[in-house]
Amino acid sequence: MKALRKLLDNIKPHVQPGGKFEKFHSTFDAFETFLFVPNTVTHKGSHIRDSIDLKRTMSVVVIALIPALLFGMYNVGYWHFASLGQEVSFMQTFTFGLLKVLPLVIVSYVSGLGVEFIFAQVRGHEVNEGFLVTGMLIPLVMPVDVPLWMVAVATIFAVTIGKEAFGGTGMNVFNPALLARAFVFFAYPAKITGDYIWTAGLSGGTGIIDGFSGATPLGLASAGQMDKIPAINELLLGFIPGSIGETSKIAILIGAAILLLTGVGSWRIMLSGLLGGLSMTLIFNAAGANAYMELSPMTQILMGSFLFGIVFMATDPVTAAQTSRGKWIYGFLVGMFAIMIRVFNPAYPEGTMLAILLMNAFAPLIDHYVIEANISKRLKRALKASNS
Amino acid sequence: MSEDKNTREPMFSAKIVKILTRPFNLENPITVQVLGICSALAVTVQMKPAIVMALSVTVVTAFSNLIISTLRNTIPSRIRIIVQLVVVAALVIIVDQVLKAYVYDVSKKLSVFVGLIITNCILMGRLEAFAMAQKPWPSFVDGIGNGIGYGLILITVGFFRELLGSGKIFGIDVVPQFLYDAGYVSNGLMILPPMALITIGVIIWLQRSKNRELIDKS
């Protein structure tokens with residue numbers, strides 16, 4: 001730690017205004033404030049002091065994502081060897097997954113941070129810390145077989161158009177990680193839907209055992225094969241094909257616990273999202289028009305990326321609703337639409353991504369009306385008090 | 001209007017050249033005045049329809065400007081919009097028939113958008129703002145300038161959408177086969193209308209960062 005601090009202090013004079021490398025001030029600043037809590041404080045005006053700043057908040061989310069990431073790595077290996085019909089050791093399985101997932105993570109961070117640094121340099125800003133979480137979310141919402149260049153293109157698109165065009169971290173309307181996924185989804189549909197992309201090396205691979213399909217529970221459900229959907233405990237544990245981070249509900253719940261205990265994620269959004277999903281499923285159960293509608297609420301909630309989306313994506317503090325009541329409405333609608341889209345529209349086997357992006361667009365409107373309602377309520381109360 | 005009717009201006013005085021070139025950049029109908037966006041989104045999937053559309057709009061704006069400017073002193077101002085529409089509609093029908101006769105496949109691709117030139121905001125904008133108050137020759141040049149300004153954006157957007165969306169330029173494959181073999185896939189999103197909007201957005205972004213006086217102050 002001390003050595004690191006010393007190194008930074010040695011470099012610092014050169015990148016300050018007037019130094020030799022003053023152009024790289026924002027780059028240096030980004031690394032320094034990432035490694036150490038900045039010692040500058042606001043000197044005038046009222047301000048709230050908190051022991052953690054935005055970079056530390058973001059780090060908590062990244063930590064909360066680690067269980068899902070580690071399980072995702074193991075699951076990638078598990079399904080690869082299952083498709084080949086081989087029995088291998090735990091370490092071999094994990095290492096295979098690690099080598100498959102790590103490049104995705106690196107590509108996502110390098111391309112995204114590259115864009116962030118370029119914009120910070122050009123605009124003379126500090127580097128925004130928002131990408132720490134986005135860069136980790138992007139590989140977790142991708143299928144393992146997605147080509148690396150697509151991840152890079154999608155990340156660059158999401159950060160440039162989704163974030164920097166709006167003014168950087170804190171100004172974006174849409175969740176950049178979901179935007180990256182939506183970009184791949186619409187631009188390269190063959191690489192993100194279907195049965196062959198969820199298991200590493202399945203498409204075009206040799207030695208695949210007979211009868212191995214690699215279909216996700218959602219793929220099975222939209223194909224009408226309800227009897228083949230894995231049992232609840234399998235869905236919960238996560239030994240199912242799917243995007244890298246979404247499969248293990250246990251790992252996601254650990255992440256949710258971290259977010260809730262530290263107060264970084266909003267419990268209102270998580271709870272209302274869950275309630276929204278459940279109530280939509282119950283409505284479908286009551287209607288019961290087809291086999292998909294009759295699926296039990298538990299299966300619906302545990303299938304696909306519903307929980308992952310509600311815990312990590314919908315709670316993004318920038319794109320979600322800001323007011324407490326707005327959060328309830330926002331979360332509830334995200335849950336409802338997620339289930340509705342996946343049941344009603346066979347072209348989109350998973351609705352969570354579209355539901356969250358849709359509600360991202362509506363979050364400011366929800367906030368606006370919540371605030372308006374509050375103002376008129378208080379005005380009425382004040383009028384009443386002054387009249388009596 | 002102030003100059004004497006008898007002193008003849010040269011055909012390409014500095015003023016005329018300025019009228020012609022202003023719409024290319026600083027008064028571009030699409031990126032600055034944000035007119036004619038609908039057709040710009042609809043016909044830019046490929047280069048060929050984009051160019052044909054740009055030419056059609058140029059012809060219609062130029063000649064409707066010319067005709068309205070000639071008639072400007074005789075049109076009662078209460079019914080001027082109707083008169084403008086009749087002129088534009090007649091020109092659009094002529095253009096549509098010519099396209100059907102000579103480039104039938106492109107005309108089918110453009111479908112209703114040729115007919116919709118009638119409602120193109122650029123036309124009405126130029127007629128109302130320019131032709132109703134200017135002499136025929138400057139009006140004609142203004143029409144051509146605005147048509148080209150519109151066309152420049154259309155062709156730029158069409159170029160990127162066709163190149164990235166289907167790997168072609170004018171329907172000819174330009175992305176080499178070895179790239180496809182290496183795993184390159186054309187971007188399906190570029191073919192969808194949202195990407196046209198985003199492409200125009202990026203052009204506006206680049207243009208305003210070059211010409212900072214265009215940035216709205218608010």
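The values are calculated or read from the model by the stated rules, or taken from the named source; none is laboratory data. Just so you know, these numbers come straight off a predicted model, no measurement behind them. Every residue, glycine among them, receives a Cβ derived from its backbone with ideal geometry; neighbour counts consider all protein chains shown. The accessibility values were calculated without ligands, DNA or RNA, using every heavy atom of the protein model including side chains. Shrake-Rupley method; radii C 1.70, N 1.55, O 1.52, S 1.80 Å.
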Within the stretch A:128-174, of all residues that are polar (S, T, N, Q) and either assigned to a loop (DSSP other than H, G, I, E, B) or in contact with a strand residue (DSSP E or B) (Cβ under 9 Å, 6 or more places away or on another chain) (or both), the one least open to solvent (accessible area, probe 1.4 Å) is A:N172
Of the conditions (1) in a loop (DSSP other than H, G, I, E, B); (2) under 18 Å from the mean Cα position of the chain (by Cα), the single one that A:L253 does not satisfy is (1)
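So that you can scan it fast, the table gives a plain yes or no per residue for (1) farther than 21 Å from A:N290 by Cβ; (2) of a type outside the set (K, R); (3) surrounded by 13 or more Cβ atoms within 10 Å (Cβ to Cβ):
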site	(1), (2), (3)
A:K327	yes, no, yes
A:A355	no, yes, yes
A:F362	yes, yes, yes
A:E372	yes, yes, no
A:A382	yes, yes, no
Take the residues of the stretch B:205-218 that are open to solvent by 40 Å² or more (accessible area, probe 1.4 Å) and closer than 15 Å to B:V34 by Cβ: which is modelled with the lowest pLDDT? B:D216
Read through the list (1) open to solvent by less than 50 Å² (accessible area, probe 1.4 Å); (2) within 20 Å of A:G162 (Cα to Cα); (3) not hydrophobic (A, V, I, L, M, F, W, C), then give the number of the only condition that A:G335 fails. (2)
From the residues in the stretch B:87-122 that are out of contact with any helix residue (DSSP H, G or I) (no Cβ under 7 Å at 6 or more places or on another chain) and charged (D, E, K, R), which one is most open to solvent (accessible area, probe 1.4 Å)? B:K108
Scope the stretch A:296-314; condition in contact with a Pro (Cβ under 7 Å, 6 or more places away or on another chain) and modelled with pLDDT of 90 or more; matching residues: none
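I'd like to check something: does the stretch A:118-127 contain any residue that is in contact with an Asp or Glu (Cβ under 6 Å, 6 or more places away or on another chain), away from every other protein chain (no Cβ under 14 Å), outside any loop (DSSP other than H, G, I, E, B) and aromatic (F, W, Y)? Show your work before the answer.
Residues of the stretch A:118-127 in contact with an Asp or Glu (Cβ under 6 Å, 6 or more places away or on another chain): A:119, A:126-127.
When the remaining residues are screened for being away from every other protein chain (no Cβ under 14 Å), the result is A:126-127.
Subsequent filtering for residues that are outside any loop (DSSP other than H, G, I, E, B) retains none.
Within the stretch A:118-127, not a single residue is in contact with an Asp or Glu (Cβ under 6 Å, 6 or more places away or on another chain), away from every other protein chain (no Cβ under 14 Å), outside any loop (DSSP other than H, G, I, E, B) and aromatic (F, W, Y).
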Filter pass, A:A177 being open to solvent by less than 40 Å² (accessible area, probe 1.4 Å) and within 14 Å of another protein chain (Cβ to nearest Cβ): no
Of all residues in the stretch A:226-277, which are surrounded by fewer than 19 Cβ atoms within 10 Å (Cβ to Cβ), within 22 Å of A:I138 (Cβ to Cβ) and out of contact with any helix residue (DSSP H, G or I) (no Cβ under 7 Å at 6 or more places or on another chain)? A:L253
In this structure, is B:I75 hydrophobic (A, V, I, L, M, F, W, C), in a loop (DSSP other than H, G, I, E, B) and surrounded by fewer than 19 Cβ atoms within 10 Å (Cβ to Cβ)? yes
Result of the Cβ filter at 6 Å on the stretch B:36-59, keeping first residues that are of a type in the set (F, W, Y) and partners that are assigned to a loop (DSSP other than H, G, I, E, B) and open to solvent by less than 50 Å² (accessible area, probe 1.4 Å), at least 6 apart or interchain, is none
Here are the criteria: (1) without any contact (Cβ under 8 Å) to a residue 40 or more places away in the chain; (2) in contact with a helix residue (DSSP H, G or I) (Cβ under 6 Å, 6 or more places away or on another chain); (3) not basic (K, R). Tell me which single one B:A14 does not satisfy. (2)
One residue is enough: does the stretch B:123-136 have a residue meeting the conditions open to solvent by 40 Å² or more (accessible area, probe 1.4 Å), within 14 Å of chain A (Cβ to nearest Cβ) and in contact with a helix residue (DSSP H, G or I) (Cβ under 8 Å, 6 or more places away or on another chain)? no
Go through the stretch B:164-190 and give me each residue that's open to solvent by 40 Å² or more (accessible area, probe 1.4 Å) and within 12 Å of chain A (Cβ to nearest Cβ). B:L164, B:L179, B:A182, B:Y184, B:V185
Contact list, first residue from the stretch B:191-217 and within 24 Å of A:A182 (Cα to Cα) and more than 9 Å from chain A (Cβ to nearest Cβ), second anywhere and modelled with pLDDT under 85 and open to solvent by 70 Å² or more (accessible area, probe 1.4 Å), beta-carbon distance below 7 Å, six or more apart or interchain, is none
By residue number, the members of the stretch B:149-171 that are assigned to a loop (DSSP other than H, G, I, E, B) and not aromatic (F, W, Y) are B:G167, B:G171
Looking at (1) at pLDDT below 90; (2) open to solvent by less than 50 Å² (accessible area, probe 1.4 Å); (3) within 12 Å of chain B (Cβ to nearest Cβ), can you tell me which one A:F183 breaks? (1)
If you check B:G145 against the conditions, is it without any contact (Cβ under 8 Å) to a residue 40 or more places away in the chain and either open to solvent by less than 60 Å² (accessible area, probe 1.4 Å) or more than 10 Å from every other protein chain (Cβ to nearest Cβ) (or both)? no
Would you say B:V52 is open to solvent by less than 50 Å² (accessible area, probe 1.4 Å) and farther than 26 Å from B:L189 by Cβ? no
